[in-house]
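What follows draws every value from the coordinates through simple rules; no lab data is involved. Predicted model only: the values in this text are computed from it and were never measured. For neighbour counting, all protein chains shown are included, and Cβ atoms are generated from backbone atoms with ideal geometry for every residue, glycine included.
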Amino acid sequence: MEKLLRNNTFSGWLMATPLTIVLIIFLVLPIIMIVVVSFWQATEFSIIPAFDLENYEFLFGSPVTYKVFLNTFKYAAITWFFTLTIGFTVAYFLAFHVRSLTWQIALFLLCTIPFWTSNIIRMISWIPFLGRNGIANSALISWGVIDEPLEWLLFSDFAVILAFVHLYTLFMVVPIFNTMMRIDRSLIEAARDAGATGVQILWNVIIPLTKPGIMIGTIFVVTLVMGDFITVRFMSGSQSANVGRLISNDIALLAYPSAAATAVVLLLTVLIVIGVLLRFVDIRKEL
């Protein structure tokens, strides 16, 4: 028995070895290299591989850093709220109001159609729609709703949030829908037989059982938004910034140690956020 157990353990480690090697080469080693480079010195003409805390001192000593991180959290929080609201509603409709499995699959695939194209193309497609002379302003003027074009539709925080919600809502829909489909329908019937209203069933039965999916979707959305810089650059007209944009600017200036230091701080921030989220629910049940 002990020999069989030892053989099973060895077989398990043997099967996990290829994936472990891939993770070490393409994930662990790059992260270690970024951490190492973040302590290097940099001048206008060269990078000096010597241990120094100058990058972190400058990063934490600049008020711009705190403003950019605050802006990043603002984008993440607002995007999370809207993606959760839309994603939960769509998932609820597909899971509980669409009875046919065929229609569920068809409507779910319909939600994925935008993902058949590049994120950048989908994001840029908002520019002619929201522009001063774009479709939205032209329609509102022709309907008599406004007298002159709305300037805040494009190159603003509104445009950035709208693009984020458009790009990442499906990352909230999928895990929530997957969790809702696993809910035992007899629990809902029992609650209904006990006299619970629709709102009570939603609040006391469905939402608690959907928490793992909500947390998985939250992790996806928050981490993607906090690392995205292309959307902020284009949709804000370079008038706003987040941490990803800060890193991108440093890389463009060949300030790799400074960019690495900012990336390390961002990584630690995201890990702390994920750690806090995982304290509320055990998502291993969904994995």
* Asked: Which residues, counting only those in the stretch 146-194, are hydroxyl-bearing (Ser, Thr, Tyr) and without any contact (Cβ under 8 Å) to a residue 60 or more places away in the chain?
  -> Ser186
* Residue among Ile127, Ile135 that alone is surrounded by fewer than 17 Cβ atoms within 10 Å (Cβ to Cβ), in contact (Cβ under 8 Å) with a residue 60 or more places away in the chain and either over 24 Å from Ile216 (Cα atoms) or in contact with a strand residue (DSSP E or B) (Cβ under 9 Å, 6 or more places away or on another chain) (or both) -> Ile127
* Before we move on, is Leu224 under 30 Å from Ile48 (Cβ atoms) and either among the aliphatic types (A, V, I, L, M) or out of contact with any helix residue (DSSP H, G or I) (no Cβ under 7 Å at 6 or more places or on another chain) (or both)? -> no
* Asked: Would a scan of the stretch 216-233 turn up a residue that is in contact with a Ser or Thr (Cβ under 7 Å, 6 or more places away or on another chain) and more than 27 Å from Val90 (Cα to Cα)?
  -> yes
* So, of the residues in the stretch 77-87 that are in contact (Cβ under 8 Å) with a residue 40 or more places away in the chain and within 24 Å of Met180 (Cβ to Cβ), which turns out to be farthest from the chain's Cα centre (by Cα)? -> Ile86
* **Whichever residue in the stretch 232-256 is in contact with a strand residue (DSSP E or B) (Cβ under 9 Å, 6 or more places away or on another chain) and outside any helix (DSSP H, G or I) and, among such residues, is nearest to Lys74 (Cα to Cα)** => Ala255
* Qualifying position, being touching a residue at least 12 places away in the same chain (Cβ under 8 Å), farther than 15 Å from Ile161 by Cα and in contact with a Lys or Arg (Cβ under 8 Å, 6 or more places away or on another chain), among Val35, Val68, Val90 -> Val68
* Within the stretch 168-200, considering residues that are in a loop (DSSP other than H, G, I, E, B) and over 31 Å from the mean Cα position of the chain (by Cα), the one surrounded by the fewest Cβ atoms within 10 Å (Cβ to Cβ) -> Gly195
* Asked: Quick check: is even one residue across the stretch 76-92 surrounded by fewer than 16 Cβ atoms within 10 Å (Cβ to Cβ) and under 27 Å from Gln239 (Cα atoms)?
  -> yes
* Asked: Of all the residues that make up the stretch 68-95, how many are closer than 15 Å to Val221 by Cβ and of a type in the set (A, V, I, L, M, F, W, C)?
  -> 12
